[in-house]
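The values are calculated or read from the model by the stated rules, or taken from the named source; none is laboratory data. Remember, it's a predicted structure, so these values are computed and weren't measured experimentally. As a convention, Cβ positions derive from the backbone with ideal geometry for all residues, glycine included, and neighbour counts pool all protein chains shown.
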Amino acid sequence: MDSWSDAHGRHRCAACFRQFNKMEHLVEHMRAARHSPHEPRCGVCGKHCRSFEALRDHLGAGGSTLPKAASCAGEFAARGCKLCLRVLASAAALQAHRDCQLSRTPPMARLHHQQQAQAPQGGGRVLALGCKMVGAGSDGSLDVVARVCVVDEQENIVFETFVKPLIPVTHYRYETTGIRPEHLREGTTVKSAQRRVQDLLLNGEQPWKARTSRGRANLLVGHGLDHDLNALGMDYPAYLKRDTATYPPLMKTSKLSNSLRFLTHTYLGYDIQTGHQHPYEDCVAAMRLYHRMKRQQHPRRGGGADEPAASADQAFPAWRQRELERMTPEELLRLSTPDYQCWCLDD
Ligand SMILES: [Zn+2]
Ligand SMILES: [Zn+2]
Ligand SMILES: [Zn+2]
Ligand SMILES: [Zn+2]
């Protein structure tokens, strides 16, 4: 009997602990799972989970009725943080960890502060974008951008404007946007908003250069960025985007996106998008989620092992099936590369 198979000859995945009757099945699982040290992990048993939602279920902290891991759930209930899901060393350490819970920043306070602050240079290396849409078309269901906000890493507003839509607005969605016709009449054109956002993001870098190498260009954080960028009629290189709607650890187990409102409530501990919604709040929430993800301490393996393989859908490209089947589950895990770029790798 091999040391890594159990008394029944089953082979256990070193990351998610699933068991397989045959080694070839484990290899197949490892090809699909793309386990890595960058996955969310249980602070008690070390199990890797595909998403924080799956980890919450494992710890008995989610809303799901899936069977939790009883011993892990017990430890978590005693000294685990319900927001970042870390298991602290003691109840006292958990108490000291209270600042994990963030509170809502009133946008008006920041707006006022902004007026007195020096004109920001947009050199924060990371900017968050948020847009609010109003409705056009016969039934008002067509989204057109009406308000744009860009926030830096210190949560200062770098750019904020109302936008004059190109086509007639049929629904101002006043209950959620707080936007009235007179706001938009004073607004800037979509074109000039787009140009300003583009300038802030590129930060002096040439657009054609930023397509392949970052240079001075800023990372762009947001929630559902493609929707916002489309509305502004612009694009931005995918490798510079950090989207909380499509980042695998923040997605549902079903691989659908969570809402920003849900993510903020669940992982930052406060509520947004109540009453009239200012895009500033969305920018700040996305930026805070980004920071929380970025500051995770994952063991680095170095080289290319932390990054998705060049051919992103292929795991273990350099190895033959036979060779893989002779490896231990731990060896397989060491060779496994993730299929997304972990934000902890951002400098
Ligand atoms: Zn696994
Ligand atoms: Zn990581
Ligand atoms: Zn566990
Ligand atoms: Zn925490």
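On the given criteria, is Ala15 within 21 Å of Asp306 (Cβ to Cβ), in a helix (DSSP H, G or I) and either modelled with pLDDT under 95 or not acidic (Asp, Glu) (or both)?
no
Mind checking which residues of the stretch 7-49 are closer than 20 Å to Ser71 by Cα, of a type outside the set (A, V, I, L, M, F, W, C) and within 15 Å of ligand 2 (Cβ to nearest atom)?
Listed by number, the residues that qualify are Pro40, Arg41, His48.
Among the residues of the stretch 287-301, write down those that are in contact with a Cys (Cβ under 9 Å, 6 or more places away or on another chain) and in a loop (DSSP other than H, G, I, E, B).
Answer for the stretch 287-301, where residues must be in contact with a Cys (Cβ under 9 Å, 6 or more places away or on another chain) and in a loop (DSSP other than H, G, I, E, B): Arg295, Gln296, Gln297, His298, Arg300.
Would you check which residues across the stretch 31-40 are modelled with pLDDT under 95 and either within 16 Å of ligand 4 (Cβ to nearest atom) or assigned to a helix (DSSP H, G or I) (or both) and list them?
The answer is Arg31, Ala32, Ala33.
For the stretch 256-273, check the following and say yes or no: at least one residue is within 16 Å of ligand 2 (Cβ to nearest atom), under 30 Å from Arg173 (Cα atoms) and aliphatic (A, V, I, L, M).
The answer is no; no qualifying residue exists.
So, of the residues in the stretch 41-55 that are within 16 Å of the chain's Cα centre (by Cα) and over 15 Å from Ala73 (Cβ atoms), which turns out to be farthest from ligand 4 (Cβ to nearest atom)?
Arg50
Based on what the data block shows, is Gln95 under 21 Å from Asp271 (Cα atoms) and either crowded, with 18+ Cβ neighbours inside 10 Å or at pLDDT 90 or above (or both)?
no
Starting from the stretch 31-53, take each residue that is more than 23 Å from Thr244 (Cβ to Cβ) and list its partners that are of a type in the set (Asp, Glu), counting only C-beta distances under 7 angstrom and pairs at least six apart or across chains.
Short answer, once both residue conditions are applied: Val44/Glu75.
Ala210 fails exactly one of the following numbered conditions: (1) touching a Pro at 6+ places or on another chain (Cβ under 8 Å); (2) under 20 Å from Tyr280 (Cβ atoms). What is the number of that condition?
(2)
Can you tell me which residues in the stretch 144-196 are assigned to a strand (DSSP E or B) and polar (S, T, N, Q)?
Result: Thr161, Thr170, Thr188, Thr189.
Can you find a residue in the stretch 298-310 that is under 22 Å from Ala217 (Cβ atoms), in contact (Cβ under 8 Å) with a residue 12 or more places away in the chain and within 17 Å of the chain's Cα centre (by Cα)?
Among the residues of the stretch 298-310, at least one is under 22 Å from Ala217 (Cβ atoms), in contact (Cβ under 8 Å) with a residue 12 or more places away in the chain and within 17 Å of the chain's Cα centre (by Cα), which makes the answer yes.
Of everything in the stretch 18-27 that's farther than 12 Å from Ser336 by Cβ and part of a helix (DSSP H, G or I), which residue is farthest from ligand 4 (Cβ to nearest atom)?
Applying the filter and picking the extreme gives Glu24.
Does any residue in the stretch 335-347 that is farther than 16 Å from Val27 by Cα and modelled with pLDDT of 90 or more come within less than 8 Å, Cβ to Cβ, of a residue that is acidic (Asp, Glu) and not in a loop (DSSP other than H, G, I, E, B) six or more places away or on a different chain, and which pairs are these?
none
Across the stretch 218-255, what is the number of residues that are assigned to a loop (DSSP other than H, G, I, E, B) and either touching a strand residue (DSSP E or B) at 6+ places or on another chain (Cβ under 6 Å) or over 22 Å from Arg288 (Cβ atoms) (or both)?
The total comes to 9.
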